[in-house]
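**Student:** Take this structure first; my questions come after.
The values are calculated or read from the model by the stated rules, or taken from the named source; none is laboratory data. All values derive from a computational prediction rather than experimental measurement. Here Cβ is always computed from backbone atoms with ideal geometry, including for glycine, and neighbour counts include all displayed protein chains. Accessible surface is based on the protein model in full, side chains and every heavy atom, while ligands, DNA and RNA are left aside. Shrake-Rupley method; radii C 1.70, N 1.55, O 1.52, S 1.80 Å.
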Amino acid sequence: MSQFSPNEPLPVIWAISGHRLIDVFRQVAPDMEGRASISIIHRGYEEALSEIELRSERHHCDVIVAAGSHGAYLRRNLPHPVALVKVGGSDLLAALCKARQLSDRIAILMLKRIPPELQRFADLFSLPLVLRSYETAEEARHCLRQLANDGIQVVVGPGQVADLADEVGLTGVLVYSAESVQTAFDDAIEMAAAQRAEKSRRTQLDSILYHLGDGVVAVDMDAHIVMANPAAEQLTGKPIRAALGKPFGDVLPALHLRHVITSGTPELGAVEELAGKSIVVDRVPLFDEGKQTGAILALHGSNRLELAVSKLRAHTHRRSQVAKYRLDDMVSASPAMRRVIAQSKVFAQHSDAGILIHGESGTGKELLAQGIHNASRRARNPFIAINCGAFTETLLESELFGYDEGAFTGARKQGKAGLFEAADGGTLFLDEIGEMPLPLQTRLLRALQEKEIMRVGSVDPLPINVRAVAATHRDLASMVASGQFREDLFYRLNILRVDVPPLRERPEDIEVLVRKLVPAALARTGLDSLCSEVLAAVQPVMRQYAWPGNVRELENAVERLTMICLATGSAIRPSEMSELLDQAMQRQRNPEVSATEAATMRKRRPRASREEAGRVLEDCQGDHREAARRLGVSRTTLWRWLTQG
């Protein structure tokens, strides 16, 4: 079978002999049609070299086929690979049978040595064979004359021996058969295939090295340059490829390689100064089949490394900013929250317009934004969140829009991509949008309208594809009226609006959240066995509490009650839960009041009767919050006075 694809040209083989082996070449060559293109050259030694040199100027040759001393001569003097026609046992037997038909006085004359098995064969069968060997053509001619004087009539040997035998009056029988020539042609085809595969690999490697951004220089064991790519010349400023074969130290004396060659151990990550630039250098020994053959110098420009690190950090940041929550993950037992979730699903799936989420702190506005992102067609792309109230104006601008190299003092050399770029194709969540400074509101409006941004310090616009979801607890309409917020930006953000109700307006969700959060918190501390008892104690109290901090405050309260259970080893009591919430309420009114001071204030506060509490509530027209404020207690305490008397 051919080892070449149908689209590849056939391997080109030149079969060369100056003796009668040429006849066997001509006999076998037609059988190779379709597998190789074979040319037969009837020349020997110096004449063969001249003919090959002449033909090589116009034609390509993959492999040469020759035999005996002639083949060895061509191997020594040609760059082409040479496949030798070799003598096999069947060849000798066939030649001896032919010689025996002509005479019983037979000699075998072979190049350099007689195979030992041939001597054993002759001894075993008591054959009257004379075995001789030769080194040169003149030695073969002298040996043949001696054989003729000794009465030998037929000589078996290679083509040169057979021809010389005829010259001295003996009968020459060629030892090579059609089968051995066929085998030599098969070997030549395999050599051509291997040669082409190696050439293809080298071409690929050269192409890779040529386009590689890092510099590569290879040297042999004498530290002479054997290969270099263009990047190495760009980084070093030296014409290295023009210095192939020259000592490495003469071309790049500042980048020594001697230690790696002598020790065979790599040196990685060295920083060298070359031509006024910092270069990171890796020196690595080169091995071939376990034997060191040289060394490789890899050069990395510091700018490329810094840029790669910057991109890696941006990629890591991008991967870390993913939306973890879905709309179905949000607790929505109450009709009000179910409406919010249903509305958000419609906005996510059927529109790409901006969304404004309004709600008190702690109601889960960012969780809702993540859910909207995951329910939209942008779910596979980044979700990037930023709190607009957590940065100064200048820092917020660079975070959102990025900056170019040299934009300001301390800017990174390669600049930095902003969050708009990081969120490209996905969602940018602008939390606390009401805290954004007015000058930045103008830039944000332009980015949302034109769908393009400009980095700080740049004049080149960058197209973006980002959905903006903003959130605030402030009344943006009032801020527009007072000039604190741009009216046009308000309308751009307020295309779709979601109002998240506070926890006090959806008591059904309080129960569900308590049943979800309390068991999880107790399980984290190994207090699973107290779950039922704790829930029975805290649910009534938590249902009546106002939760001014909404879900976030509820989560914090659950964490505190869990720590109390862990400290006492028993379930918390309803009175303890009420005190815990009273402390939280007192801290919210006056953050500087400690827990001890709050407890003291509660002890000094006179307890109101059910009737007194009822009258205050009636005066407040049933407003529990206002009644609790007038009495100076929490809504939980007010509820306890009204129900317990």
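**Student:** As I understand it, the dipole of segment 201-252 uses +1 on the Cβ of Lys and Arg and -1 on the Cβ of Asp and Glu, about the Cα centre. Which of His211, Ala243, Ala223 lies farthest toward its positive end?
**Tutor:** Value: His211.
**Student:** Just to be sure I understand the curve: with the Debye formula and one point per C-alpha of segment 201-263, what is log10 I(q)/I(0) at q = 0.16, 0.19, 0.26 Å⁻¹?
**Tutor:** For segment 201-263, the Cα-only Debye profile gives -0.50, -0.70, -1.14.
**Student:** To continue, here is another question. Could you sort the peptides 101-110, 239-248 by per-residue average Cβ neighbour count (10 Å cutoff), highest mean leading?
**Tutor:** 101-110, 239-248
**Student:** Using only Cα atoms, what is the ratio of the radius of gyration of segment 13-160 to 2.2 N^0.38 Å?
**Tutor:** 1.17
**Student:** Local charge sum around Gln449 (other residues, Cβ-Cβ under 15 Å, Lys/Arg +1, Asp/Glu -1)?
**Tutor:** Once positives and negatives cancel, what remains is +1.
**Student:** Going by average Cβ density within 10 Å per residue, which order do the peptides 137-149, 356-368 take, highest to lowest?
**Tutor:** So the peptides 137-149, 356-368, ranked by packing, come out 356-368, 137-149.
**Student:** Based on the alpha-carbon gyration tensor of segment 125-190, what equivalent-ellipsoid semi-axes (square roots of 5 times the eigenvalues) come out, in whole Å, largest first?
**Tutor:** 26, 14, 10
**Student:** So what is the relative contact order for segment 386-511, in percent, with contacts set as C-alpha pairs under 8 Å and at least six apart? Numbers along the way, then the final one.
**Tutor:** Values: 177 pairs, mean separation 31.7, N = 126.
Normalised by residue count, the contact order of segment 386-511 is 25 percent.
**Student:** To continue, here is another question. Over the Cα atoms of segment 317-402, how large are the radius of gyration and the largest Cα-Cα distance (Dmax), in Å?
**Tutor:** Rg then Dmax for segment 317-402, in Å: 14.2, 43.
**Student:** When volume of the Cα convex hull per residue in Å³ is calculated directly from the model, which label among [x] 316; [y] 162; [z] 245 fits?
**Tutor:** Comparing each candidate, only [x] matches the computed number.
**Student:** Hey, another quick one. In square nanometres, what is the average projected area of the Cα convex hull of segment 236-299?
**Tutor:** 4.6
**Student:** Turning to a different aspect of this structure: Using each residue's phi in segment 32-39, evaluate 6.51 cos²θ - 1.76 cosθ + 1.60 at θ = phi - 60° and report the 3J(HN,Hα) Karplus result to the nearest Hz, with x for Gly and Pro.
**Tutor:** Using θ = phi - 60°, the values come out as 8, 4, x, 10, 7, 9, 10, 10 Hz.
**Student:** Here's another thing I want to ask about it. Under a point spin-label approximation (7 Å from Cα along Cα-to-Cβ), what is the Ser103-Glu190 distance to one decimal in nm?
**Tutor:** Calculated label separation equals 3.8 nm.
**Student:** Once R0 is set to 41 Å, what does the formula 1/(1 + (r/R0)^6) return for the Cβ-Cβ distance between Gln182 and Ile208, expressed as a FRET efficiency to the nearest 0.05?
**Tutor:** Calculated transfer efficiency: 0.55.
**Student:** Going through the cross-link list Lys416/Lys516; Lys324/Lys416; Lys451/Lys516; Lys416/Lys451, which pairs have a Cα-Cα distance over 31 Å in this structure? It would help to have the intermediate numbers written out before the result.
**Tutor:** Numbers: Lys416/Lys516 42 Å; Lys324/Lys416 26 Å; Lys451/Lys516 42 Å; Lys416/Lys451 19 Å.
The answer is Lys416/Lys516; Lys451/Lys516.
**Student:** I've got another one for you. Using only protein heavy atoms and a 1.4 Å probe, report how much of Lys199 is accessible, in Å² to the nearest 10.
**Tutor:** Surface accessible to solvent at Lys199 totals approximately 140 Å².
**Student:** Please report, as a whole percent, how much of the solvent-accessible surface of the chain comes from carbon and sulfur atoms (probe radius 1.4 Å).
**Tutor:** 50
**Student:** About the Cα centre of the chain, what is the dipole size in debye to 20, counting +1 per Lys and Arg Cβ and -1 per Asp and Glu Cβ, all else neutral?
**Tutor:** The dipole of the chain has a size of about 2460 debye.
**Student:** Can you list residues whose amide H is under 5 Å from Phe391's amide H, if they're 5+ apart or on another chain and H is modeled 1.01 Å from N?
**Tutor:** Those lying under 5 Å, H to H, from Phe391: there are none.
**Student:** Run the paramagnetic zone check for Ser529: 7 angstrom along Cα to Cβ, then residues of segment 545-576 with backbone nitrogen under 19 Å.
**Tutor:** Once the point is set 7 Å along Cα→Cβ of Ser529, 562-573 turn out to lie under 19 Å by backbone N, inside segment 545-576.
**Student:** To continue, here is another question. Nearest 5 is fine: what % of DSSP beta bridges in the chain come out antiparallel, could you say?
**Tutor:** Details: 29 of 72 bridges.
Taking every DSSP beta bridge with both residues in the chain, the antiparallel ones total about 40 percent.
**Student:** Rounded to the nearest angstrom and ordered from largest down, what semi-axes does the equivalent ellipsoid of segment 353-467 get from its C-alpha gyration tensor (root of 5λ)? Spell out each step's value before the answer.
**Tutor:** Values: eigenvalues 120, 55, 31 Å².
They are 25, 17, 12 Å, listed largest first.
**Student:** Please compute the contact order of segment 467-577 in relative form: average sequence separation of alpha-carbon pairs under 8 Å and at least six residues apart, divided by the residue count, as a percent.
**Tutor:** Working: 72 pairs, mean separation 28.2, N = 111.
Computed over segment 467-577, the figure is 25 percent.
**Student:** I want the local charge near Val161. Using Cβ-Cβ distances under 12 Å, sum +1 for each Lys or Arg and -1 for each Asp or Glu among the other residues.
**Tutor:** -1
**Student:** What FRET efficiency would be calculated for the residue pair Asp250, Arg76, taking the C-beta separation as r and a Förster radius of 25 Å, to the nearest 0.05?
**Tutor:** Step by step, r from the Cβ atoms, then E = 0.15.
**Student:** Further, regarding this structure: Lys and Arg at +1, Asp and Glu at -1: add these up for the other residues within a Cβ distance under 13 Å of Ala536 and post the number.
**Tutor:** Taking every Cβ under 13 Å from that of Ala536, the sum is +1.
**Student:** So, one more: Using alpha-carbon pairs under 8 Å, 6+ residues apart, how would you state the relative contact order of the chain in percent?
**Tutor:** 8 percent.
**Student:** Calculate the spin-label point distance for Leu93 paired with Glu612, positioning each point 7 Å from the Cα along the beta-carbon direction, and give it in nanometres.
**Tutor:** Spacing of the two 7 Å Cα→Cβ label points: 12.8 nm.
**Student:** Among Pro81, Ser69, Ile41, which residue has its Cα furthest toward the positive end of the charge dipole of segment 31-108, with +1 on Lys/Arg Cβ and -1 on Asp/Glu Cβ?
**Tutor:** Farthest towards the positive pole: Ser69.
**Student:** Where only protein heavy atoms count, and the probe is 1.4 Å, what is the accessible area per residue for the chain in Å²?
**Tutor:** 52
**Student:** A follow-up question, please. Give me the one-decimal nm value for the distance between modelled label points at Asp288 and Ser39, 7 Å along each residue's Cα-to-Cβ direction.
**Tutor:** About 2.9 nm, to one decimal.
**Student:** Calculate the FRET efficiency for Glu138 and Ser50 from the Cβ-Cβ distance with a Förster distance of 25 Å, rounded to the nearest 0.05.
**Tutor:** 0.70
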